[in-house]
Amino acid sequence: MAAVTERLVGTAPRTRSESGVWSWITTVDHKRIGILYLVTSLCFFFIGGLEAFLMRLQLATPDAHVVSEVVFNELFTMHGLTMIFLAIMPMSIGFINYMVPLQIGARDVAFPRLNALSYWLFLAGGLVLNSGWLLGGAANAGWYNYAPINIGQHVINGVSTNLNPGPDSMGITFYAIGLQLAGIGTLMSGVNFIVTIVNMRAPGMTPMRLPLFVWTTLITSVLIIFAFPAFTADLFLLTLDRLFGTGFFNVAQGGDVLLWQQLFWIFGHPEVYILIMPAFGIISEVIPTYSRKTIFGYSSMVFAIVAIAFLAFMVWSHHMFTVGMGPLVNSVFAATSMVIAVPTGVKIFNWIATMIGGRIRMTTSMLFAVGFLVCFVIGGMSGVMLAVPPADYQFNDSYFLVAHIHYVLIGGALFALFAGIYYWFPKISGRMLDEHLGKWSFWLIFIGFNVTFFPMHFLGVEGMPRRVASYPANLDLRLWNAVATFGVFILTAGLIVFLANLRKSLRSGQAAGADPWDGRGLEWSIPSPAPEYNFAAVPLVRGRDPLWVEKTYGDGHMIPYVPGGAAPEAEAGGHGHAAAEGHGEGGPGGEGHGAGHGHGIHMPNPTPLPFYLAIALTVAAYGTIFKVPEIMVLGLLGTFFFVFRLIYDHDPGHHVLPEEDAG
């Protein structure tokens with residue numbers, strides 16, 4: 001980073017604690033919130049992994065009794081919910097929180113307090129959801145929780161009827177309330193990042209110069225805004241059915257079980273792209289960096305990302321081919337489900353073309369990126385097979401579908417997230433992960449993953465249904481189940497090596513420096529870890545891959561933006577036209593230019609209000625779950641109080657005097 005171009009006078013760095021639990025509870029710094037997301041999602045990931053491990057032990061041999069059928073139902077339900085809503089999606093949001101402001105040259109997100117509230121609601125929702133294990137039973141009807149088994153015990157025409165084949169636990173109520181809490185936080189994140197990307201880009205950061213990770217973040221946020229309301233409505237109706245006996249999903253009361261499915265999958269299939277889009281963005285950052293080439297076909301990548309977002313809302317009913325919608329409806333959704341593979345294929349070929357002719361460095365991050373390509377292509381091919389209605393009648397609710405979703409979400413999204421961890425860990429922590437241990441972890445995870453999940457294609461074709469706690473020996477399913485369980489042990493060994501690598505690197509890892517990978521984007525132009533204010537001077541962006549442009553056509557440092565000054569041209573193949581067009585102020589309060597005009601850089605103050613508001617909503621949630629009106633009212637009163645505090649609490653912020661950081 002170029003040295004600050006003006007000496008600040010009349011101010012001093014704000015003195016405040018940067019350590020301790022309270023500083024993390026009150027933080028509104030997007031980087032710290034990103035770290036909170038990453039650490040929390042990793043914890044939930046290992047909880048979900050433990051649930052999967054127990055399931056595979058149960059299925060390793062026929063007629064096993066490792067866990068009961070009741071517990072098995074809870075395990076496969078909570079495993080799916082944990083991995084999707086509490087691990088993969090929030091891990092992506094963690095990277096988005098930390099990296100997007102750095103990549104667009106901003107000093108923070110548009111709404112720092114809303115950002116903090118988003119995290120605390122995610123954590124509250126995850127804790128409420130998992131507390132069912134201790135407070136009456138976990139959810140047990142699958143992650144998509146179909147009606148009517150999600151309704152539970154109700155009195156219909158004077159007769160007590162249990163529509164859930166398991167015990168009438170409170171687990172599905174925990175599901176409904178917990179996911180509503182977490183979903184509100186996710187919606188807030190979507191709004192926040194749309195506004196941040198649109199309004200807070202550095203001067204010269206035009207839309208067609210945005211890093212592809214930022215593009216995928218923008219499209220993911222749009223998908224969140226349009227998809228999550230349908231799921232929120234579904235959960236709200238389910239809450240009314242379970243707590244007050246309304247009949248939205250109960251046929252005996254005039255309801256419709258397919259209403260749940262339609263609303264769920266209108267959300268559910270865009271949710272798949274909400275999970276995978278940030279992964280696409282990470283791969284689009286990793287492959288060019290380690291190939292030492294600009295991404296091939298940038299414009300076509302952007303158009304493919306936008307096309308996927310549009311088509312994502314036109315394919316949901318391929319999850320419902322077997323419910324009897326008729327041949328015309330099935331044919332339409334089969335066609336759209338195949339069409340959406342085209343823009344996805346564009347990205348695959350562009351990533352491969354980027355590597356061709358490049359000077360590739362096979363770091364651990366690059367290995368995970370290549371592993372992503374292999375596994376995601378396999379998942380995509382099985383997805384096209386599932387898009388054919390006659391074939392889907394055979395594969396539906398079989399282990400073939402289990403293999404498909406894991407190749408997309410684990411081999412796809414999670415492999416990309418591991419690539420992101422190894423790629424951005426130096427920027428986040430200031431230390432390098434050990435490459436030797438990293439490569440051991442990759443090969444163990446890659447081999448273990450494929451040994452675990454590829455045999456499930458065979459199990460599905462042989463007719464093994466999903467969500468079964470056991471199978472008889474005469475069905476000849478023992479071999480591939482044993483192989484899959486063996487693969488879990490290999491996969492677990494890889495994850496243990498990864499944890500050992502994290503521990504070693506955090507304790508004694510090599511110092512990273514600002515730009516350990518010879519990177520291309522703005523995030524590599526500042527110190528590692530990034531300072532509170534991100535940029536001592538707002539950078540002037542003169543082309544795509546802005547730091548690479550300066551390395552190639554400048555002196556290797558970003559040029560500070562000077563309002564009203566001339567914008568130097570970069571001889572970057574047409575990407576270096578004048579950039580001082582007012583694209584974003586670069587910091588909260590509009591004081592982002594230069595180094596703060598003699599007053600320091602204005603930053604928001606920490607506050608505990610988002611944390612308190614999340615606690616109040618959690619109290620209201622438990623009051624609702626246990627039908628205790630006094631607790632529910634107390635929580636709602638606290639919610640209204642802290643909402644008004646947040647609205648009317650004026651934050652004067654503070655000013656930070658930047659150090660003269662050499663990049």
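A few points about this structure:
- Solvent-accessible area, 1.4 Å probe, carbon plus sulfur percent, for the chain: 69 percent
- To the nearest ten degrees, helix 478-508 and the longest principal axis of the Cα atoms of the chain are 30 degrees apart.
- Formal net charge of residues neighbouring Leu547 (Cβ-Cβ distance under 10 Å; K, R +1; D, E -1): -3
- In order through region 340-350: 3J(HN,Hα) via Karplus (6.51 cos²θ - 1.76 cosθ + 1.60), integer Hz, x for Gly, Pro: 5, 6, 5, x, 5, x, 4, 5, 4, 5, 5
- Computed over protein heavy atoms with a 1.4 angstrom probe, the accessible surface ordering of His650, His436, His30, largest first, is His650, His436, His30.
- Largest accessible area first, the listed residues Glu462, Glu271 line up as Glu462, Glu271 when surface is computed with a 1.4 Å probe on the assembled protein chains.
- Over the Cα atoms of the chain, the radius of gyration divided by the Kirkwood radius equals 0.98; this is the Rg/Rh ratio.
- Helix-only [θ]222 nm of the chain, DSSP H runs n ≥ 4, -39500 (n - 2.57) each, per residue, nearest 500: -19500 deg cm²/dmol
- If you plug the beta carbon distance of Thr552 and Arg361 into 1/(1 + (r/R0)^6) with R0 = 25 Å, you get a FRET efficiency near 0.85.
- Degrees separating the helix 112-131 axis from the principal Cα axis of the chain, which is the longest one: 20 degrees
- For the peptides 178-184, 534-540, residues were scored by their other Cβ atoms within 10 Å and the scores averaged per peptide; the highest-first order is 534-540, 178-184.
- Packing-based order for 69-82, 256-269, 414-427, using average beta carbon neighbours within 10 Å, highest first: 414-427, 69-82, 256-269
- In this structure, the amide hydrogen of Ser398, modeled 1.01 Å from its nitrogen in the peptide plane, lies closer than 5 angstrom to those of Arg466, counting only residues at least 5 positions away or on a different chain.
- Added length on full extension, which subtracts the Cα-Cα distance from 0.36 nm per residue, Val66 to Lys627: 198.5 nm
- With Cα atoms defining each centre, region 525-540 and region 607-661 are spaced 30 Å apart in the structure.
- Taking amide H atoms as placed 1.01 Å from N in the peptide plane, the amide H of Arg431 lies under 5 Å from those of Ala512, each 5 or more residues away in sequence or on another chain.
- Computed label-point distance, nm, for sites Thr322 and Val191 using a 7 Å Cα→Cβ extension: 4.0 nm
- Among 215-228, 550-563, sorting by the average number of other beta carbon atoms lying within 10 angstrom of each residue, highest first, gives 215-228, 550-563.
- Over all distinct Cα-Cα pairs of region 367-510, the Kirkwood formula returns a hydrodynamic radius of 16.4 Å.
- Too-long pairs where the Cα-Cα distance tops 25 Å, listed order kept, from Lys293/Lys504; Lys293/Lys347; Lys31/Lys293; Lys31/Lys439; Lys504/Lys551; Lys347/Lys504: Lys293/Lys504; Lys31/Lys293; Lys31/Lys439; Lys504/Lys551; Lys347/Lys504
- Whole-number accessible area per residue in Å² for the chain, which is evaluated in the context of all protein chains at 1.4 Å: 37 Å²
- Alpha-carbon centroid distance for the pair region 464-487 / region 40-112, whole angstrom: 24 Å
- Using alpha-carbon coordinates, inclination of helix 212-244 to the longest axis of the chain, degrees: 40 degrees
- Solvent-accessible area of Arg431, all protein chains in place: 80 Å² (probe radius 1.4 Å, heavy atoms, ligands and nucleic acids excluded).
- Each other residue within a Cβ distance under 12 Å of Ala138 adds +1 if Lys or Arg and -1 if Asp or Glu, for a net charge of -2.
- Total formal charge among the other residues, if their Cβ is under 14 angstrom from that of Ile219, Lys/Arg +1 and Asp/Glu -1: 0
The values are calculated or read from the model by the stated rules, or taken from the named source; none is laboratory data. Values in this document were obtained by computation on a predicted structure and should not be read as measured data. Cβ atoms come from the backbone with ideal geometry, glycine included; neighbour counts cover every protein chain shown. Surface accessibility is based on the protein's heavy atoms, side chains included, excluding ligands, DNA and RNA. Shrake-Rupley method; radii C 1.70, N 1.55, O 1.52, S 1.80 Å.
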